[in-house]
Amino acid sequence: MFDPYRRSVRFIMLVASSTGLLACGSLDSASNRIVGLVTPYKVDIVQGNFVSKEQATLLKPGATRAQVRDILGTPLLMSIFHADQWDYVFTFQRQGLPSQLRKLTVSFKGDVLDRIDTEPMPSEADFVASLDSGRQSRKVPVLELSEESLKQLPVPAKKVDPKPLAPLPTSYPPLEPAPR
């Protein structure tokens, strides 16, 4: 009497475990497809000193270290082994785009700029345009009123002060007590 019952329980257990194993395999492939569609947000990484073409053209041999620092800012790398060389390095990494790397090296003789080693630098306008590439552009709202809109606005009423302010004092008391 219990033998058919045991067979049916074994059959149900076998079917349930087989279905569970098959479901794990299909769930894994389905989850991989979902993960492929949804990617996490990666923050843009900006490191170093951006040096524009305009700044690089201001550098002239014979400038002092202070003048170079005023134009380019504090260098990213100052080696104790190469005290007469400053390196300005800039990297920019954005998700889905190749990373940008730019270097500018200035060499000094004593306190005077001797040599500038650089690759072509972008202008400030080109750099700003590269920051906005790949992003959706939105319609820019109008920020100024037209002449017709200005005429339609209500004219604010002038406020009349009921009594004038008291004049400012001409002398003030001393801050410290008088010596004795």
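We did not get these values from a lab; they are worked out from the coordinates using the rules stated. All figures in this text were calculated on a predicted structure; none of them were measured in a lab. Note that we place each Cβ from the backbone using ideal geometry, even for glycine, and neighbour counts take in every protein chain shown.
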Within the chain: Cβ-based charge dipole about Cα centre, in debye rounded to nearest 20 (Lys, Arg +1; Asp, Glu -1): 780 debye
For segment 45-132, alpha-carbon Rg and Dmax in angstrom: 13.7, 44
Inter-label distance for residue 97 and residue 172, nm, one decimal - labels placed 7 Å from Cα along Cα-to-Cβ: 5.4 nm
Globularity index of the chain, i.e. its alpha-carbon radius of gyration over 2.2 N^0.38 Å: 2.30
Efficiency of FRET from Cβ geometry, residue 79 and residue 58, R₀ 25 Å, rounded to 0.05: 0.55
Cα pair distances in segment 79-180, grouped into 5 Å bins until the bin that holds the longest one, percent each: 2, 7, 8, 8, 7, 6, 6, 6, 5, 6, 8, 12, 11, 6, 1, 0
Residue 117-residue 66 pseudo-label distance in nm [points 7 Å out on the Cα-to-Cβ vector]: 2.8 nm
Proxy reagent accessibility, fewest Cβ within 10 Å first, across 165, 58: 165, 58
